[in-house]
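The values are calculated or read from the model by the stated rules, or taken from the named source; none is laboratory data. Bear in mind the structure is a predicted one, so any value in this text is a computation, not a measurement. We place every Cβ from the backbone using ideal geometry, glycine too, and count neighbours over all the protein chains shown.
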């Protein structure tokens, strides 16, 4: 036991020093955390806000374009949800989250428009093809092909 | 203390080994993007969605780089998700282009069907005219702007009378048969006179003669709605009234066969 005491003492001194330096580390970490928190509370950049505003306008425009059409409705809803996330992120000062959500909202709105246009084009094509069959039958009836 | 270190070391080694040997977690959006983007790039219609395909490629490349550098899953999924959405947009645009092309081909095909039908109708009409012409070949038939005109001379009636002579029956029989066989053709019966007598009496005489022919045809089975009668009096001479021969030419009944009215093709709308 007697032999071990000095050793413990020797350990005690560096331990005290370590305790001191760990306090410093904690203080620095707290400082960084506080700085980070303050940064987070600060507003997002004007460019990101503009991006969110522009996306909101695009989503509204998409809504008007689609009307009550079921084609693209799901994607439009996703766009609205992402827009909501983007606006929320702006309020929280989350720059990256706001930008990402705005980008996704824009893409979903684009997809909604593309799906709607695709469905309309398909319907038109189907109508044209069906019309040809009807026309063929009708003309064959009124002016039969000579066999 | 030593044993604690050994345990910690063993756990650390085990963790490292398990991390090395474990199959990396499958990232669904990234896998989907890796499948979709190259397919779209190979599409023969990629040109209609070049920007979207390019965007999809950029996002996929970014996602791949993040995955290789073992970045955060959320970052990888963000880029991969954008790649997938851009690819979906491109896909829809390609479908739109395909459908639009089909519509254009369909419209062209429709014109072909209509042109064929018109061609067949023209041929059928020609055949009908030829048929009627053939049936009335030995009668005095002329093709005019008004249609086929058959002129029946004054041989049908006695002078100043509207009663058909018995000699007329053979001609009327053939006319009636031709009309019955071409039931879609309408015939207008016009009575004409020379200028002997008053205008009023000539008008009345021309009307009665036209009606006499109409009645005779109806008696032979021609439908009432197929033939109509009209008196033109002395107002439309075809020859001079100064000679006996000319006046004889002017005393006549004409049958004008109008073109058949075909039912309009309902689908032939602009």
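Just one of (1) part of a helix (DSSP H, G or I); (2) surrounded by fewer than 17 Cβ atoms within 10 Å (Cβ to Cβ); (3) within 14 Å of chain A (Cβ to nearest Cβ) trips up residue B:41, so point out which.
With (1) part of a helix (DSSP H, G or I); (2) surrounded by fewer than 17 Cβ atoms within 10 Å (Cβ to Cβ); (3) within 14 Å of chain A (Cβ to nearest Cβ) applied to residue B:41, the lone miss is (3).
I'd like to know if region A:64-76 contains one or more residues that are modelled with pLDDT under 95, surrounded by 13 or more Cβ atoms within 10 Å (Cβ to Cβ) and part of a helix (DSSP H, G or I).
yes
Among the residues in region B:146-165, are any surrounded by fewer than 17 Cβ atoms within 10 Å (Cβ to Cβ) and in a helix (DSSP H, G or I)?
yes
From the list B:86, B:103, pick out the single residue that is surrounded by fewer than 22 Cβ atoms within 10 Å (Cβ to Cβ) and within 9 Å of chain A (Cβ to nearest Cβ). I'd like the intermediate steps shown before the answer.
Values: B:86 fails: surrounded by fewer than 22 Cβ atoms within 10 Å (Cβ to Cβ).
From the options B:86, B:103, the qualifying one is B:103.
Pick out the one residue from B:120, B:128, B:110 that is within 27 Å of the chain's Cα centre (by Cα), within 21 Å of residue B:228 (Cβ to Cβ), within 14 Å of another protein chain (Cβ to nearest Cβ) and assigned to a helix (DSSP H, G or I).
Details: B:120 fails: within 21 Å of residue B:228 (Cβ to Cβ); B:110 fails: within 21 Å of residue B:228 (Cβ to Cβ).
So the residue among B:120, B:128, B:110 that is within 27 Å of the chain's Cα centre (by Cα), within 21 Å of residue B:228 (Cβ to Cβ), within 14 Å of another protein chain (Cβ to nearest Cβ) and assigned to a helix (DSSP H, G or I) is B:128.
Is it the case that region A:80-103 has a residue that's within 12 Å of chain B (Cβ to nearest Cβ) and not in a helix (DSSP H, G or I)?
no
Any idea how many residues of region A:111-128 are within 7 Å of another protein chain (Cβ to nearest Cβ) and in contact (Cβ under 8 Å) with a residue 40 or more places away in the chain? Please lay out each step first, then the result.
Step one: of region A:111-128, the residues within 7 Å of another protein chain (Cβ to nearest Cβ) are A:111, A:114-115, A:117-118, A:121-122, A:124-125, A:128.
Restricting the remaining residues to those that are in contact (Cβ under 8 Å) with a residue 40 or more places away in the chain gives A:114-115, A:118.
The number of residues fulfilling the criteria is 3.
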